[in-house]
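Structure first, commentary second.
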Amino acid sequence: MFAREFEDPLGRHILAQYPGSKSPNQLAPALSINHAQRKTLQFDVDKILNDYSNPPGQNQDDTPKVLRAFLKYLCEDAKTLLMQEIKQFNGNTSLRQLRNSLVDSILKSMLIAGGKQPKSLTPSPIVIPGLTAEESQNQPELRSDHIAVKQACLARDGHRCVLTGMVERLHFMSIPPQNRGDLRSCTTECAHIIPFALSKLNPNSTQEAETKAQVWRAIYRYFPFVVGKIGPENINAPENAITLRSEAHMEFAAHRIAAEPTNTEHKYHVHDLGAVYSVARDLSKTITITQSDPAVAMPDPDLLRLHYQISMILQESGIRERYERTIWENEDNLIQNIQPDGSTDLENILSSKMLIDI
């Protein structure tokens, strides 16, 4: 019996449009400015955000809070670009649209896509996101590619979770008991730093293709240090993957854990942003990712930097909390629970399912 068709997590994600008349493909890069001009720009932007008032009917408009969170954690070039955009789109409607565009194309997309793996990673029959089981039978390379990357990362990372130091279960069993010392075992997974779901998984879906193209345009625009390093074609690579304990993978994908690069190569500050206690108790404040197998490329610090910056923006802006609360509050409020008397609030359910109100 074939498995049910798997829907790409971003397949129905609707993105707010960037404000203004130009499409994202036509957007200009940040203008070069000197120190004095930057100070003036910063002053102007602070005043714009301080003067921002809630539009009618929106009592808790978080536009200034969200934009400030981006400004706090973006790199300098991207910060300058965003400040120039804020000044250009000075006005409640345009600024709100800019906020929505950033939240939809970057924050919500990363949360929705995080940790989602293709069904081809499970035992046969192989199912690829967006394709039927029958169509997926012709794409076994995705399963073998992922297994190869997982095995490569295990070898590189010394068969350990890079965040907790716990040893992969089968490898642990191969260590003589007298040599185990304080080692603890766990089940590990191959965790993509940039979510696997941002790959081009179903080229036949026009909506999915445009959604992901818009997400990638936003990533390259506001995180320029990853341009040329990562894209939909090369997500499944050791440079974009780390070995994590299964529970830590879940927290990492939800951006409740982040690894901030330091000035020391492959050394990271670990940020606990609300991880569950069973994982948080095993985290160290700093980690150094070592290369047990020199044939396998190390995780790219710039990709972990992007994950860290997005994690901090999600935390500072409150968007991750709103996202998680929306999911939790509507867990049982699904469309299949529609009442026959017509009393079900379909508009609210659909809005929540599509996360439009975040």
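The values are calculated or read from the model by the stated rules, or taken from the named source; none is laboratory data. Bear in mind the structure is a predicted one, so any value in this text is a computation, not a measurement. Heads up, the Cβs are rebuilt from the backbone with ideal geometry, glycines too, and the neighbour counts pull from every protein chain shown.
Structure summary
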| item | result |
| --- | --- |
| Considering residues of region 236-252 that are touching a His at 6+ places or on another chain (Cβ under 7 Å) and modelled with pLDDT of 95 or more only, the residue nearest to Thr80 (Cα to Cα) | Asn240 |
| Scope region 244-264; condition small (Gly, Ala, Ser), over 20 Å from Ile106 (Cβ atoms) and surrounded by fewer than 22 Cβ atoms within 10 Å (Cβ to Cβ); matching residues | Ser246 |
| Odd one out for Ala191 among (1) in contact with a Phe, Trp or Tyr (Cβ under 9 Å, 6 or more places away or on another chain); (2) closer than 23 Å to Ser101 by Cβ; (3) not in a helix (DSSP H, G or I) | (2) |
| Residue within region 215-225 that is part of a strand (DSSP E or B) and in contact (Cβ under 8 Å) with a residue 60 or more places away in the chain present | no |
| Enumerated helices (runs of 4 or more DSSP H) restricted to region 25-137, each holding at least 2 residues that are within 22 Å of Ser205 (Cα to Cα) and modelled with pLDDT under 95 | 109-113, 133-136 |
| Residue within region 265-272 that is buried (at least 18 other Cβ atoms within 10 Å of the Cβ), in a loop (DSSP other than H, G, I, E, B) and modelled with pLDDT of 95 or more present | no |
